[in-house]
Structure formats: structure tokens, C-alpha cells
Amino acid sequence: MMELLLMDGDELKDPELFEKALLLVEETRRSGVEKLRKEESKRLSLAAGLLLRYAFLSVNELSLYNKIEVTAKGKPFLRSNEYFFSLSHSGEVAICAFSDGPVGCDIEKHREKVPEKRKKIFSSHEENIFQTLDESEQIPFFFQLWTSKESSTKLIGKGISYPFESFTVMDSQEAKGCINLEGRQLFLKSFQIENYTISLSAETPEFPREIKFLACSALMKN
């Protein structure tokens, strides 16, 4: 079982709705939202929390939602390992991957240019592929690469602290179907939605076929 949930964080621009939503998320998430400075960041973090809460509600396990812990590197988890989940947000959108097995997800909104830091992200093989691409092909290549790598390193609990240049996820212009990372076989799946790229990483190739778009009203139910 795996689901990929998505919410538009801009729905929380209404101050009254924002405050109501804040009361629904678990304490660690609520505290983290309140410490953020930018209103956009607050909305996205809160939206991610609402999606995760909804995921637990959908399997009738809301009590587990309040038992979430966070690793030193910021990865939320359940000590019981009954369910696995990963959160991400970018632009105006938050996502949540929820599964009965290890999972990682990442979303990135496309920018007009590829960041110069790519040399710290690309393996030498990926850099060689990148150099053969037309400018119009470089943007989707970069964001599929970036989200595939971040979803994979989030799954193993290391996130962006992992040396991205040390492993390869791209095979020509498309991501590989699976990779080996830290002795684990990880399967990869990407989705394109308007100017966003979303990637999932898991230890099974059984990915959701589609993304579940959720309105804030659906997430506010008890």
C-alpha cells in the first residue's frame, strides 16, 4: 500500500482557517510551524502536517499520528514501524507519501535556470549526459535528477546531507527504474504536474498510479 497526497498550501491564506488547521496537527509540527518566519513556509509546513494526519485517519490509526518522532536529521518516523511516510513542499504545493514500507518523496518547482551548484549534485556520468542536452531539455533533466536523489536519501534517513555526486540516478534523459544505495535496492518513480517534478523512492516497485489531490476542507475533518 502506498499513497501520494497533495495539497495547495495557498488554501491556508485565510487566517481563521490557518488557526483551525494549526490546532489539528501534532505538537511537534505545530511548534515547528510557529517558529517559521515566512508566511508561505508556515502554510506549506502546516499543509504537509494536515496531509499526514489525513493519511493516518484514512487507515483508522489517528492515535499513531500523535506518536510521531523526529530523527536528529529531521526525518519523522514511527518507532513501531507500522507505517512509513515522507513529506515535502515547494512553491505553493505540499505532498505526503504514505506507505506500509520505507518511502521517500520530494517535490520541486521548476526554475528558469539550472542552479550553478549542480556540480555538487551530478555524478560525472550525469554531468556528461547534461552536456549533450539542449537548453530546453536541461531543466526537466535537472529536476528529475534532484528529486530522485533527494527522495532516495530521505528514505535512508540522511537527506540533503548525503553526497549527491557520489551516486547516479539518471540513465540518459530519464531516471533509472532502480538504484543501489547504502546496500539497499531502491525503486524510483517520477511525476510531472505543470511546472513541478515529484519523485518517489521505495523498496518496492508498486507505486501509486496517480496523485490524490486534496482540498483543505477534506483535511479538516475529524
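Data for the structure
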quantity: Residues that are small (Gly, Ala, Ser), more than 19 Å from residue 99 (Cα to Cα) and either modelled with pLDDT of 95 or more or outside any helix (DSSP H, G or I) (or both), drawn from the stretch 30-62; calculated: 41, 45
quantity: Answer from 127, 92, 137, 112 - the residue that is touching a residue at least 60 places away in the same chain (Cβ under 8 Å), open to solvent by 20 Å² or more (accessible area, probe 1.4 Å) and either of a type in the set (A, V, I, L, M, F, W, C) or on the phi < 0 side of the Ramachandran plot (or both); calculated: 92
quantity: Considering residues of the stretch 11-29 that are outside any loop (DSSP other than H, G, I, E, B) and in contact (Cβ under 8 Å) with a residue 40 or more places away in the chain only, the residue farthest from residue 67 (Cα to Cα); calculated: 11
quantity: All positions within the stretch 178-192 that are in a loop (DSSP other than H, G, I, E, B) and closer than 12 Å to residue 152 by Cα; calculated: 182
quantity: Matching option when the condition is within 24 Å of residue 194 (Cα to Cα) and either part of a helix (DSSP H, G or I) or among the small types (Gly, Ala, Ser) (or both), among 130, 98; calculated: 130
quantity: Search result, residues across the stretch 194-203 that are outside any strand (DSSP E or B) and modelled with pLDDT of 95 or more; calculated: 203
quantity: The one condition in (1) in contact with a strand residue (DSSP E or B) (Cβ under 6 Å, 6 or more places away or on another chain); (2) open to solvent by 30 Å² or more (accessible area, probe 1.4 Å); (3) part of a loop (DSSP other than H, G, I, E, B) that residue 168 fails to fulfil; calculated: (1)
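The values are calculated or read from the model by the stated rules, or taken from the named source; none is laboratory data. Please read all numbers here as calculations on a predicted model, not as lab measurements. A quick note on method: Cβ atoms are made from the backbone with ideal geometry, for glycine too, and the neighbour counts reach across all protein chains shown. Note: accessible area is taken over every heavy atom of the protein model, side chains too, but ligands, DNA and RNA are not part of it. Shrake-Rupley method; radii C 1.70, N 1.55, O 1.52, S 1.80 Å.
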